[in-house]
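Notes for the one structure printed next.
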Amino acid sequence: MPEPIEVRKVPILNVSDASGLAALVDAGVLDADRVVAVIGKTEGNGGVNDYTRIIADRAFREVLVAKGTRTTEEVGQVPIVWSGGTDGVLSPHATIFATMPAKQAEHTDEPRLTVGFAMSDVLLPEDIGRTAMVAKVADAVQEAMERAGITDVADVHYVQTKTPLLTIHTIRDAKSRGKTVWTEHTHESMDLSNGCTALGVAVALGEIEMPGDEDVMHDRSLFSAVASCSSGVELDRAQVVVVGNAQGVGGRYRIGHSVMRDALDADGIWEAIRDAGLDLPERPRSSDLQGRLVNVFLKCEVSQDGQVHGRRNAMLDDSDVHWHRQIKSAVGGVTATVTGDPAVFVSVSAAHQGPDGGGPVAAIVDLGEPPTGYLPPS
C-alpha cells in the first residue's frame, strides 16, 4: 500500500524563488526527503526557449538537497514539471506532493489521494509524433499506476507528463542517422509532443485503441480526459506522474476530474471539483469553496473550427500574438473566476487532451479540518 499524500500550493515570488517550499519544510508540514513531485507555473514565454522553467527547476531542487538528506543525483530523479507562461491574471506557483507516515495521516476507508511516478524509455527525435512514442508513454503510465497502488483505471483522475520536443540539435541528430522527423518546426513540435503523449495516456487507460501514425494531430476525436501534457528541452524521455484515488491509503485529500467543452465552459471546472468530493450549491460561487480547493489543473486549446461558443474567433489568424498565449490567458481568467485564486495551473497545447477547443480539468480538494486551501482577501 502506498503512503498517504500531503499536498500544498505555494506562490513563486520571483523567477528563482523556492521559499514557499523551504517554509513548508521548516514548519514541519513536509519532509524534504518525502517530496515525490512538483507541478508548477513559471512566468516565462511558454515557448521552446522559456528558460524560466530551468531556473525554477534548479531552485526547487536546491532546496530539496539543502533541506534533506538525498544527494543531488537522487533529487534529480524527482519529477518536477513546469508549465511556462502566466499570461493574463495567472500567477506563478507550485503544487508540491509529498508522502507522509501512515500513522500521521487521517484514517478513512474512503478513497484518498495517491501519486505514482515513472520514466519512459528514451524518446528518440524520430519517435516524437509517431506510434513508437505512444507505446513508450503508455508503458510508463501503467508503471506509474502500479506505483500509486491504482488497479482500476477509473481511479486515475490526472496524468501529468513532461516530454522532449524537437530542437535544431535533435533534428540534426536524427538526420545524421538517416531518420526523418514529423516536423522541422520546433515550436510546432511542442503541440506534437504533447498530443502524441496524450494518446499514449489514453491507450494506457483504455480510453482509445492504439492509433496509427496518421491519427496523430489529425483525428481530434481521439483524446484522453485526464492527460495534461507539457514538453520542453530539458529531458529525453517521458516523465509521468499519475494522480488518483485509492482506498485504504488514508489522508485528507481527494482528486476528481471532468472536461471543459470549450474555452468558456466554467461548468466543466465545477464538475471536476464536485467529482473530487465537495458538496456545492446548484450554481456555486468561489466563496462556496471555503478554502477546500488545493488547486485545479487544466489544459486548453484553440478550437480547430475557429469558433468559441458558436461565435467566430480570430486567434488562429493572429500573426502578432500566438494563439498559445491568447487561449491560456482567456481560460486562465475563466478558471480564476471559478476558484477566486489566480494561482491555477492552466497550460496550453491540448491536442488530444479533452475535446477539441476544450480540455481536461482535475481538481484536488482538502476534506480535513481545518482546510489548507487558498482563501482570497476579504
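The values are calculated or read from the model by the stated rules, or taken from the named source; none is laboratory data. Quantities reported herein were computed from a predicted structural model and do not represent experimental measurements. Every residue, glycine as well, gets a Cβ built from its backbone with ideal geometry; the counts of neighbours run over all protein chains shown. Ligands, DNA and RNA are excluded from the accessible area calculation, which covers all protein heavy atoms including side chains. Shrake-Rupley method; radii C 1.70, N 1.55, O 1.52, S 1.80 Å.
Between amide H atoms placed 1.01 Å from N, distances below 5 Å from Thr42 occur with Ser83, Gly84, Gly85, all of them 5 or more places distant or on a separate chain.
Any idea of the accessible area per residue across region 191-339, 1.4 Å probe, to the nearest Å²?
Solvent-accessible surface per residue comes out at 41 Å².
GNM on the chain, alpha-carbon springs under 10 angstrom: the most fluctuating residue among Ala98, Ala27, Ala272 is Ala27. Relative protection proxy for 35-43, 209-217, 76-84, from highest mean packing down: 35-43, 76-84, 209-217 (other beta-carbon atoms within 10 angstrom).
Peptides 345-351, 302-308, 232-238, 124-130 ranked from most to least packed give 345-351, 124-130, 232-238, 302-308, packing being the mean of other C-beta atoms within 10 angstrom over each peptide's residues. Under a 5 Å amide H cut-off, with hydrogens placed 1.01 Å from N, Ile80 pairs with Val38 among residues at least 5 apart or on other chains. Annotated for the chain: lysine pairs at least 8 residues apart or interchain, Cα distance under 21 Å, count 13. The string of couplings for region 294-309 from the Karplus curve (6.51, -1.76, 1.60, θ = phi - 60°) is 6, 6, 10, 10, 10, 10, 9, 7, 6, 5, 5, 8, x, 10, 9, 6 Hz, one whole number per residue in order, with x for Gly and Pro.
Here the 3J(HN,Hα) profile of region 121-134, calculated from phi with Karplus coefficients 6.51, -1.76 and 1.60 at θ = phi - 60°, is 5, 4, 9, 6, x, 6, 6, 5, x, 10, 5, 4, 5, 4 Hz, Gly and Pro shown as x. Close amide-amide hydrogen proximity is noted between Val348 and Cys300, each under 5 Å apart and 5 or more residues distant or on a separate chain (H modeled in the peptide plane; Pro and chain starts excluded). For the peptides 174-185, 11-22, 150-161, residues were scored by their other Cβ atoms within 10 Å and the scores averaged per peptide; the highest-first order is 150-161, 11-22, 174-185. Each residue of region 251-259 was assigned a 3J(HN,Hα) from its phi angle through the Karplus expression (A = 6.51, B = -1.76, C = 1.60, θ = phi - 60°), giving x, 10, 10, 8, 10, x, 8, 7, 9 Hz with x at Gly and Pro.
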